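Taken together, the values in this text are just the output of simple stated rules run on the coordinates, not laboratory data. Predicted, not measured: the structure shown is a model, and the values here were computed from it. Cβ placement follows ideal geometry from the backbone for every residue including glycine, while neighbour counts extend to all protein chains displayed.
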Amino acid sequence: MSRECQPCTGCCDGWVRMEVYGHEVAPGKPCRFSTGAGCAIYEERPADPCKNFICGWRMEDSPYPEWMRPDRAKVLIIPGVRAWQGRPVDLAVPVGRRIPGRALDWLKRYATEQARPLIYTEQVLTPEGYAVDQQAIGYGPPDFQEEIRRLAETGAKLW
């Protein structure tokens, strides 16, 4: 089964931090090439990060149900962003302020059933809008949660 990005623009709308042709994309700063309904330069988009990026919903044999498309579920999943004790760790980024309860509950169940620790984030609001950095929360074994908390406190790169 092949899933297409468009009309979803979750990664392009600034929820995933990246740079496209020298332009910063971050919370509150969508890609300058996003139309809000697709990519204005889709055929000419750069390989990195655009063509090479495949969210969990789009990956081959995706375990995520149809309703979990990022623009519908309001969460973007990036599988295997790091490893913890030999297990892949998935990242869930909200498409908006925070991940809605239905999607977060599904992700936590999946993390538990598959023994795949999860890092999920929430946007941090400032008087100027969204902060570039997000609050990261670990879900999984207590040792994993503590490690993510410690790393986040020190500003270490989590993915």
Select from the range 24-51 the residues that are basic (Lys, Arg) and in a loop (DSSP other than H, G, I, E, B) and write down the one among them that is surrounded by the most Cβ atoms within 10 Å (Cβ to Cβ). ARG45
Selection from the range 10-53 of residues that are among the charged types (D, E, K, R) and over 16 Å from VAL95 (Cα atoms): GLU19, GLU24, ARG32, GLU43, GLU44, ARG45, ASP48, LYS51
Looking only at residues in the range 115-136 that are assigned to a loop (DSSP other than H, G, I, E, B) and of a type outside the set (A, V, I, L, M), which one is surrounded by the fewest Cβ atoms within 10 Å (Cβ to Cβ)? PRO127
So, first residue closer than 24 Å to PRO79 by Cβ in the range 37-53, second residue charged (D, E, K, R) and surrounded by 14 or more Cβ atoms within 10 Å (Cβ to Cβ), Cβ within less than 8 Å, six or more apart or across chains; the pairs are CYS39/ARG45; LYS51/ARG45
List every residue pair whose Cβ atoms sit under 6 Å apart, with the two residues 6 or more apart in sequence or on different chains, where the first one lies in the range 121-147 and is on the phi > 0 side of the Ramachandran plot and the second, anywhere, is small (Gly, Ala, Ser). GLY129/GLY28
As an exercise: evaluate MET68 against (1) in contact with a Pro (Cβ under 8 Å, 6 or more places away or on another chain); (2) surrounded by 14 or more Cβ atoms within 10 Å (Cβ to Cβ); (3) at negative phi and give the number of the one condition it does not meet. (1)
If you go through the range 81-102 one residue at a time, do you hit one that is surrounded by 15 or more Cβ atoms within 10 Å (Cβ to Cβ), in contact (Cβ under 8 Å) with a residue 24 or more places away in the chain, under 19 Å from GLU4 (Cβ atoms) and out of contact with any His (no Cβ under 7 Å at 6 or more places or on another chain)? yes
Step by step: first the residues of the range 1-23, then only those that are charged (D, E, K, R) and part of a loop (DSSP other than H, G, I, E, B), then the one that is farthest from GLU66 (Cα to Cα). Which residue is that? ARG17
